[in-house]
Structures are given as structure tokens and as C-alpha cells.
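This report refers to the structure that appears directly beneath it.
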Amino acid sequence: MIEELKPYCVVLFGSFAQRDINERSDVDIIMIAFSRSPFWKG
């Protein structure tokens, strides 16, 4: 996904960012990238 979108910013948050990881933890990220496509197709 990172190679396809080529984001200029990736934000890690949640339990991984706080180093509070256990077997039920997931990875929470926000990726910010430029796009020519509209964000919302309603």
C-alpha cells in the first residue's frame, strides 16, 4: 500500500505507538498522500 500511494506522511497511533502491545493489538495508521481522485464518491 505504501509503495502504491507513496504517502508523504504516515502517523502511527494507538497501542503500538504507546508501546502497549498484546496479542489482541492491531496497527492503527493514518496515511496522507496526494491524489487526483476525489476523496468521496457518494
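The values are calculated or read from the model by the stated rules, or taken from the named source; none is laboratory data. Quick caveat: nothing in here was measured; it's all calculated off a predicted structure. For neighbour counting, all protein chains shown are included, and Cβ atoms are generated from backbone atoms with ideal geometry for every residue, glycine included.
Some notes on this structure:
- Scanning segment 1-33 for residues that are exposed (fewer than 11 other Cβ atoms within 10 Å of the Cβ) and over 14 Å from the mean Cα position of the chain (by Cα), we see that the one that is modelled with the lowest pLDDT is ARG24.
- In summary, ILE29 fulfils each of the numbered conditions (1) assigned to a helix (DSSP H, G or I); (2) touching a strand residue (DSSP E or B) at 6+ places or on another chain (Cβ under 7 Å) with the single exception of condition (1).
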